[in-house]
Amino acid sequence: MMRIYLRAKAQGIITGVNLGYAGSLTLGEDYEGFEEGERIDVLNVNNGQRFTTYIIKGEGSEIILNGAAARLGLPGDRVIILAYEVR
């Protein structure tokens with residue numbers, strides 16, 4: 001039987017939004033345990049939104065919502081980012 005386990009978890013503050021991009025979340029290298037292209041869940045603590053997307057590597061501690069996800073949060077909102085593995 002395959003099970004899904006939480007592999008990585010991070011909390012941070014949205015630093016920007018970019019409606020002009022096709023989709024994803026830009027995540028800075030300061031957030032360890034995540035890989036570019038990896039599927040993630042993002043939970044916005046401020047407004048209760050939850051969504052699934054993938055990671056584009058960014059710089060420092062930036063967290064940028066891109067494309068449609070940019071409508072689900074604002075700079076300054078606190079988010080929780082979750083990555084999973086299947087065993």
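Each value in this text was obtained by applying a stated rule to the coordinates, not by laboratory testing. What you see is a predicted model, and the numbers here were worked out from it, not measured in a lab. For neighbour counting, all protein chains shown are included, and Cβ atoms are generated from backbone atoms with ideal geometry for every residue, glycine included.
Put simply, the chain fits an ellipsoid with semi-axes of 20, 14, 12 Å; these come from the alpha carbon gyration tensor as the roots of five times its eigenvalues, largest first. When 41, 77 are arranged by Cβ crowding within 10 Å, least crowded first, meaning fewest neighbours, the order is 41, 77.
Placing unit charges on the Cβ atoms only, positive for Lys and Arg and negative for Asp and Glu, gives the chain a dipole magnitude near 460 debye about its Cα centre.
On a full-extension model of 0.36 nm per residue, what is the gain between residue 71 and residue 35, subtracting their alpha-carbon distance, rounded to one decimal in nm?
10.6 nm
Taking springs between alpha-carbon atoms closer than 10 angstrom, which of 31, 21, 54 fluctuates most in the Gaussian network model of the chain? Highest fluctuation among the options: 21.
Considering only DSSP beta bridges where both residues belong to the range 4-86, give the percentage that are antiparallel (nearest 5).
Bridges in the range 4-86 that DSSP calls antiparallel: roughly 75 percent.
Take every Cα pair under 8 Å whose residues are at least 6 apart in sequence, average their separation, divide by the length of the chain, and the relative contact order is 49 percent.
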